[in-house]
Amino acid sequence: MNVLELVGRNRPLFDTDMARHADELARLVGESRFLVIGGAGSIGQAVTREIFKRQPRALHVVDISENNMVELVRDIRSTLGYIEGDFRTFAIDCGRHEFDALMASDGRYDYVLNLSALKHVRSEKDPFTLMRLVEVNILNTLSTIAHAGVGGCQKYFCVSTDKAANPVNMMGASKRIMEMFLMRASLELPISTARFANVAFSDGSLPHGFNQRFAKRQPISAPRDVKRYFVTPQESGELCLGSCLLGDNRDIFFPKLSEALHLTRFSDIAVRYLESLGYEPVECDTEDEARSRTAELIPRRKWPVYFFDSDTTGEKDFEEFYTGDEDLDMKRFESIGVIRNRADFDDAKLNGFLSRIGEIRERATWEKGDIVQLFKEMIPEFQHKETGKYLDGRM
């Protein structure tokens, strides 16, 4: 399957910019030591591959998922092979003591790239998963920045999201708060980040679920009214590496909107996906109908699909990469826009957030409302979209 065709495109986004800066990227990678945190996730693997193929002096990868890390190594060995530099992986959590010990033992990296994140909007469905989202997306970012600074790092990169621009869900708001902390940390260590769209067929994404449903001969379900921008895994790796190595302090990279990048409906991707595999989608009126018709339809090269109107918490009506009051540089690259930031932050507000979230975490238990209220105090314009329904209630 051609991922570009499935998301309705016929050419990659960043080829021209990558070619224009190919020598510079190769030189910087070739003379440097890298640590990739969250390197076994879909974006992390793409970033790891972009670094690996440019022959770094050292490339160390940290991820909590032992199985995904094994697959990362197998995939690299089966495609790119080997490098003379030091390539190692560590199946550890960047928020635990084992990571502290690793950094104390071998923490001299020129570049640290943090791709770890809880990325799903559904993660706010309960206060306990939501608190882990806060820990991973905000608190672990601060601790890994501190480690990078102690180790003499030249640059720290941390991935953000388009959902951080005018957020309507707690995942996007957590990344916006993370960006606020990055501005303060940038006074001590150069930092850059990137906001980008959905990564097509990334682990856990709805298109990735199409693969799982197809393998298990189950009906495919998708919203018919949700339009999103999509980048390929390779494009996500290129954007992150470009921001890390080519971005100035406090820059936020994002893909420019163009004829090559346009909104695509999930239901349209589902149709193209099935047709690419030689199956005719058959739209059903209910989940029950879709489930009940699998045995009848699939042997006839047809596939039951259920398309619905979205009504779950945190779904944004439209996607945007920046807000109207952000300073943009649209000339530096052909396909990449840059948000230029000053080190503007409210020190008291940031300290207050850490104090309040620490108090909540110390309780025997906590309520989602307490965290939502704290987020609203940090982001006064935060319009939290709460419907009481979550994607776990969907097929």
Check 379, 298, 336 and return the single one that is open to solvent by less than 20 Å² (accessible area, probe 1.4 Å), modelled with pLDDT of 95 or more and in contact with a Leu (Cβ under 9 Å, 6 or more places away or on another chain). 336
Of all residues in segment 275-295 being hydrophobic (A, V, I, L, M, F, W, C) and part of a helix (DSSP H, G or I), which is most open to solvent (accessible area, probe 1.4 Å)? 295
Filtered residues of segment 364-395 (kept if within 21 Å of residue 119 (Cβ to Cβ) and acidic (Asp, Glu)): 386, 392
Selection from segment 122-144 of residues open to solvent by 20 Å² or more (accessible area, probe 1.4 Å) and either at pLDDT 95 or above or assigned to a helix (DSSP H, G or I) (or both) yields 122, 127, 128, 129, 132, 135, 139, 142, 143
Which of the residues that make up segment 242-274 are at pLDDT 95 or above, surrounded by fewer than 19 Cβ atoms within 10 Å (Cβ to Cβ) and under 21 Å from residue 220 (Cα atoms)? none
Could you tell me which residue of segment 213-236 is surrounded by the most Cβ atoms within 10 Å (Cβ to Cβ), considering only residues that are more than 30 Å from residue 51 (Cα to Cα) and charged (D, E, K, R)? 213
Single residue of segment 301-333 satisfying the filter (of a type in the set (Ser, Thr, Tyr), at pLDDT below 95 and open to solvent by 20 Å² or more (accessible area, probe 1.4 Å)) that is nearest to residue 256 (Cα to Cα): 322
Within segment 57-64, is even one residue part of a helix (DSSP H, G or I), out of contact with any Lys or Arg (no Cβ under 7 Å at 6 or more places or on another chain) and in contact (Cβ under 8 Å) with a residue 24 or more places away in the chain? no
Those residues of segment 353-371 that are within 12 Å of residue 131 (Cβ to Cβ), part of a helix (DSSP H, G or I) and out of contact with any helix residue (DSSP H, G or I) (no Cβ under 7 Å at 6 or more places or on another chain) come to a total of 2
Residue match in segment 95-112 (condition: touching a Lys or Arg at 6+ places or on another chain (Cβ under 8 Å), open to solvent by 10 Å² or more (accessible area, probe 1.4 Å) and under 20 Å from residue 43 (Cβ atoms)): yes
Does at least one position in segment 189-212 carry a residue that is more than 30 Å from residue 75 (Cα to Cα) and open to solvent by less than 20 Å² (accessible area, probe 1.4 Å)? yes
Expected output for segment 76-87 (first residue surrounded by 10 or more Cβ atoms within 10 Å (Cβ to Cβ), partner assigned to a loop (DSSP other than H, G, I, E, B) and basic (Lys, Arg), Cβ below 8 Å, 6+ apart or cross-chain) is 80/53; 85/57; 86/57
Which of the residues that make up segment 145-163 are surrounded by 24 or more Cβ atoms within 10 Å (Cβ to Cβ), touching a strand residue (DSSP E or B) at 6+ places or on another chain (Cβ under 9 Å) and part of a helix (DSSP H, G or I)? 148
Could you give me the residue pairs with C-beta distances under 7 Å whose first residue belongs to segment 197-219 and is within 26 Å of residue 337 (Cα to Cα), whose second residue is assigned to a strand (DSSP E or B) and among the basic types (Lys, Arg) wherever it lies, and which are 6+ apart or on separate chains? 197/228; 198/228
Looking across segment 19-75 at residues that are more than 20 Å from the chain's Cα centre (by Cα) and of a type in the set (S, T, N, Q), the single one that is most open to solvent (accessible area, probe 1.4 Å) is 55
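The values are calculated or read from the model by the stated rules, or taken from the named source; none is laboratory data. Nothing here was measured: the structure is a model prediction, and the numbers come from that model. Using ideal geometry, Cβ is built from the backbone for each residue, glycine included, and neighbour counts are taken over all protein chains shown. The protein model used for the area step is the full one, side chains on, heavy atoms only, and it has no ligands, DNA or RNA in it. Shrake-Rupley method; radii C 1.70, N 1.55, O 1.52, S 1.80 Å.
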